[in-house]
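A quick write-up on the structure given underneath.
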Amino acid sequence: MRVRYEGGILVQEALKEVILDPARRTPGSVVSHGHMDHLTSGGIMTPQTVAVLKVRRGGTGQPLPYGKEIDLNGFRVVLKDAGHVFGSAMVRVDDLLYTGDFNPEGGSTCGRAQPEFVRDLIVDATYGRPGYNFPPKHDVESDLLNWLEMELAHGPVALGGYEFGKSQELIA
C-alpha cells in the first residue's frame, strides 16, 4: 500500500485508489467531518456530515453510517466515531486508519474515539507535539462554569467560538 498527500490523503494499492479529506470535490473520496478545512462535496461521509455539508456549503455527499463496511474502489472502508464534532469519523481503509481530527474523550454532540488495531495509522495531529499537554476535559468545563458564574455576577457575558463544533460544546 502506498500513501501520500496529493490534495488529500491518497491511498493506493495496485490499481486501486481512494482519497481522504480531499481539498476539492472528488467523487469516490471520503470526508472525515464538517469543519471547513476538511469539508468538500461529492464524497462519502456520515449522514450527520452530509447534513452539515448541506447547511455550510450547500453541497451533497453520500451517507455512510458508522460501522457499515462498503467496498470503495476495491478497498474495504468503514467509518468510526472520531469524537471530535457531530458526525466526525475516523476512516478505516482495509488495515489502515486515518484519524482525521479525533478526540478520545468525546464531546457533547458525539461519542469518543475508540482504539483501532491496524497495520498503518495516519494521525491528523494539530496538537501532536509532546509539548502540548491539556488538562482533563472535566477540569476545563468546571473552570469555565466557575468563571462564568463569577462574571455573570457583574453583568452579561458573551462567549465566542467556531460556528461548528466549539459553539455546540458551549451550548451543551
Handout entry: Residue list for the range 154-172, restricted to those being surrounded by 11 or more Cβ atoms within 10 Å (Cβ to Cβ) and more than 29 Å from Asp37 (Cα to Cα)
Key = Val157
Problem - the range 110-153: number of residues that are outside any helix (DSSP H, G or I), surrounded by 11 or more Cβ atoms within 10 Å (Cβ to Cβ) and modelled with pLDDT under 90 - result: 2
Handout entry: Members of the range 154-172 found to be closer than 30 Å to Asp94 by Cβ and either in the same structural domain as His35 (by TED's automatic domain parsing) or modelled with pLDDT of 95 or more (or both), listed by number
Key = none
Exercise for the section: Output yes when any residue across the range 54-75 is within 23 Å of Ala14 (Cα to Cα), out of contact with any helix residue (DSSP H, G or I) (no Cβ under 6 Å at 6 or more places or on another chain), in a loop (DSSP other than H, G, I, E, B) and acidic (Asp, Glu), and no when none is. Expected result: yes
Practice task
Could you give me the residue pairs with C-beta distances under 6 Å whose first residue belongs to the range 129-151 and is outside the structural domain of Glu105 (by TED's automatic domain parsing), whose second residue is at pLDDT 90 or above and part of a helix (DSSP H, G or I) wherever it lies, and which are 6+ apart or on separate chains?
Solution key: none
Problem - Top-ranked residue of the range 15-73 - restricted to ones that are more than 14 Å from the chain's Cα centre (by Cα) and hydroxyl-bearing (Ser, Thr, Tyr), ranked as surrounded by the most Cβ atoms within 10 Å (Cβ to Cβ) - result: Ser29
Practice task
Looking for whichever is touching a Phe, Trp or Tyr at 6+ places or on another chain (Cβ under 6 Å), polar (S, T, N, Q) and in contact (Cβ under 8 Å) with a residue 12 or more places away in the chain here; the options are Gln62, Gln48. Which one fits?
Solution key: Gln48
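The values are calculated or read from the model by the stated rules, or taken from the named source; none is laboratory data. These figures come from a predicted structure and were not determined experimentally. Glycine gets a Cβ as well: all are built from the backbone with ideal geometry, and neighbour counts include every protein chain shown.
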